[in-house]
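S.K.: Have a look at this one.
The values are calculated or read from the model by the stated rules, or taken from the named source; none is laboratory data. Predicted model, so just to flag it, every value in this text is computed and none were measured. Ideal geometry is used to build each Cβ from the backbone, glycine not excepted, and the neighbour counts take in all protein chains shown. Calculation scope for accessible area: heavy atoms of the full protein, side chains included, ligands and nucleic acids excluded. Shrake-Rupley method; radii C 1.70, N 1.55, O 1.52, S 1.80 Å.
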Amino acid sequence: MSPHQLILLDVGSKCFVQNEITMKKTALLSRREASWLMSVASVYMLAGSCCPAAVTDSAKSAPPVLTHAPGPVAPIPITPKPADLVLLNGKVYSLNWGEPDLEGNPAQDAPHDRSGWKPDAEAVAIRGGQIAFVGDREGAQRFVGTGTRTIDLQGHVVLPGLIDSHAHVAAYGLTLRKVNLVGVETEAQAIAMIEERAKTVPQGQWILAWGFDEGAWANKMPDNKLLSKRVPHHPVHVTGLHGFASWNNKLAMKQARITAKTKAPVGGEIVLDQRNRPTGVLLNNATDLFDKVIPDPTPAERVEATLVGLQDLAQKGFVTIHEAGASRAALTSFQTLAEQGRLPIRVYAMLRVTDVDLMHEWIAKGPQQDREAMLLIRSVKAYYDASLGARGARLLADYSDKPGHRGVSGDNYGFDEALATKAMSAGFQIGVHAIGDAGNRETLDFITRVYETAPQAKDNRNRIEHAQIVHPDDQRRFAPLEVIAAMQPPHCVEDMAWAEERLGPDRVKYGYAWRSLRRLGARLALSSDLAGSDPDIFYGLHAAITRRNKQQEPAGGWFPEEALSPEEAVRGYTSWNAYAGFVDDRTGTLATGKWADITVMDIDPFQVGDKEPGKLLDGNIVMTIVNGRIVHDARTDN
């Protein structure tokens, strides 16, 4: 279109865009659309037929450039409808600029120069659950009315709301009730903590614990002799950090009726000692043998535990989580909270493919279309292989520390290709857990087969969850297949202590390969794998940018050439995850008309990430806003 001057003309209930030269009306705007124009520039309007404001007619994707129109009538400033909430004096990074290039360099229109990053706004106005304004203080003040709440952020940093794209929050809420063994390094320490809990639990009742690192313990996995001796009167069930191993005392094994004659399920292993007796350790799918033995929480207990988990994540700054593998019980808890209006943050539920009846029900319904809902159901989660730490991830060649063994995958791990294909063909996004290089290759092969029979499935924004060890030949397949690599920065710095033992010095180089995948055009989505890793956003950003652990080791980072830039790391938990959840037109950046989902923190991840990334670990969440409502305020909640 030619750059004619267009006039914004108020005629009562509607507004016209009118050509100043021909005076021909070229578009009809609703009041809401006109308000958008007024919120992004200094617009003046006069009721009736006069035309005191003009807008340059440019490409539809470009924001309007407004100038005062000539005329005898003096312009009258329009005061926009008051906002519900106005955030002032913040350091706002809207992310509403171009994507960084594949090497992580900022776009030309990014608020970045030779001196570094600078915020691109200082205030945000919120109305009706949406963003009404992003800009300077003076502009935001126009949205302050008698009923408007204003908050002086005192220089705190404002970002689009954080999204964790791979979490297990339904289980997380329940784990908060268990004996927490995260970080415990020895059998003796673990038993001492379990023994202490036993003092408060009536004999005969179950003691549940979780959190030992399957990878770190793999070469020194204990048997149940000492555990059974020290805690003989309670069945004890201890699950690993990532859920791929369990450790049980003799009473627990007895109640589960697991003996030397018990056949392990497909993709699982019951570990035996030299005398062919169970040691109490179960690996991979064998951990499922306890599912029907341990008393289930009541539905009410599940709901409350899920709420506790969601509230904890709200306090950590998250506005949305992707539940990676929701069973019927987990989904029911989310649905109950949604129906009661008690979801503190948004939930993007990925249905568990192994829950066959649930899957058939939803395939018949099709993906949920109401993207405004706090609970969105349009994705499914499948497992193709197991974990690297427990040597269950499927490798192309033998494990370096276990010759003759390559892990498990596909049919041998319970992957239901037919059901997964039906879900994808019905329009569901699929997220496939694949960790080993063979597991990732075979998963990409599977997705390719689905596209051949159901080409529309390519529009599903399909994902590989973890994409941990990917052969270079397969790294280049992600972009053409439009497969998102959903990866976890904490896994890199947690696994580095033993990953090379599993993979050897050459193969480990193409593990956790964020930059290599980015360089080849693959989309990334970042997450914590809660409860498998600490969901703290500052830990996640630090791991992504430095490839160092919480102790700042190793000094130069572990294979630092694969690190992400600060902007990429932030986008990995915001705009990129919004894309992975089909809501990038509603959130992920701060712009007028988008959801008012906002995270406020006391540290600048752009500036600090660039110059002093080690200090990211000192960051704190100040405020979490979801749908325009403050769901966490550290200034008053503590």
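S.K.: Can you report the number of residues in segment 578-600 which are in a loop (DSSP other than H, G, I, E, B) and either under 15 Å from the mean Cα position of the chain (by Cα) or not acidic (D, E) (or both)?
M.R.: Qualifying residue count for the region: 15.
S.K.: A further question follows. Do you know which residues across segment 298-319 are buried (at least 17 other Cβ atoms within 10 Å of the Cβ) and part of a loop (DSSP other than H, G, I, E, B)?
M.R.: Within segment 298-319, K316, G317 meet the criteria.
S.K.: Could you please find all residues in segment 365-412 being over 30 Å from D585 (Cα atoms) and among the β-branched types (V, I, T)?
M.R.: Listed by number, the list holds a single entry, V408.
S.K.: Would segment 243-250 turn up any residue that is crowded, with 22+ Cβ neighbours inside 10 Å, more than 23 Å from Q274 (Cα to Cα) and aliphatic (A, V, I, L, M)?
M.R.: Step one: list which residues in segment 243-250 are crowded, with 22+ Cβ neighbours inside 10 Å, which gives 244-249.
Of the ones still in play, those that are also more than 23 Å from Q274 (Cα to Cα) are none.
No, because not a single residue in segment 243-250 is crowded, with 22+ Cβ neighbours inside 10 Å, more than 23 Å from Q274 (Cα to Cα) and aliphatic (A, V, I, L, M).
S.K.: Restricting to segment 461-477, and then to whatever is assigned to a loop (DSSP other than H, G, I, E, B) and in contact with a strand residue (DSSP E or B) (Cβ under 9 Å, 6 or more places away or on another chain), can you tell me which residue is surrounded by the fewest Cβ atoms within 10 Å (Cβ to Cβ)?
M.R.: Taking the candidates together, the pick is R461.
S.K.: Now for a separate question. Of all helices (runs of 4 or more DSSP H) completely enclosed by segment 478-558, which ones contain at least 1 residues that are open to solvent by 10 Å² or more (accessible area, probe 1.4 Å) and either among the β-branched types (V, I, T) or closer than 26 Å to E612 by Cα (or both)? Step through it out loud before you land on a result.
M.R.: Details: elements: 478-481, 489-495, 499-507, 514-519, 537-546.
The qualifying helices (runs of 4 or more DSSP H) are 489-495, 514-519, 537-546.
S.K.: Against the conditions (1) touching a strand residue (DSSP E or B) at 6+ places or on another chain (Cβ under 9 Å); (2) surrounded by 15 or more Cβ atoms within 10 Å (Cβ to Cβ); (3) outside any strand (DSSP E or B), where does K263 fall short? Just the number, please.
M.R.: Condition (2) is where K263 drops out.
S.K.: For segment 384-412, name all the residues that are more than 22 Å from R352 (Cβ to Cβ), open to solvent by 10 Å² or more (accessible area, probe 1.4 Å) and assigned to a strand (DSSP E or B).
M.R.: K402 - this is the single residue of segment 384-412 that is more than 22 Å from R352 (Cβ to Cβ), open to solvent by 10 Å² or more (accessible area, probe 1.4 Å) and assigned to a strand (DSSP E or B).
S.K.: Right, something else. Can you find a residue in segment 598-607 that is more than 26 Å from P344 (Cα to Cα) and crowded, with 20+ Cβ neighbours inside 10 Å?
M.R.: yes
S.K.: For the list (1) open to solvent by 10 Å² or more (accessible area, probe 1.4 Å); (2) more than 18 Å from I126 (Cβ to Cβ); (3) in contact with a helix residue (DSSP H, G or I) (Cβ under 7 Å, 6 or more places away or on another chain), I need the number of the one condition that E612 fails.
M.R.: (3)
S.K.: Let me spell it out: the conditions are (1) hydrophobic (A, V, I, L, M, F, W, C); (2) surrounded by fewer than 21 Cβ atoms within 10 Å (Cβ to Cβ); (3) not in a helix (DSSP H, G or I), and I363 meets all of them except one. Which number is the exception?
M.R.: (3)
S.K.: How about segment 266-283: which of its residues are in contact (Cβ under 8 Å) with a residue 12 or more places away in the chain and either part of a loop (DSSP other than H, G, I, E, B) or out of contact with any Pro (no Cβ under 9 Å at 6 or more places or on another chain) (or both)? Walk me through how you get there before you give the answer.
M.R.: Quick first cut of segment 266-283, residues in contact (Cβ under 8 Å) with a residue 12 or more places away in the chain only: 266-273, 276-283.
The answer is V266, G267, G268, E269, D273, N276, R277, P278, L282, L283.
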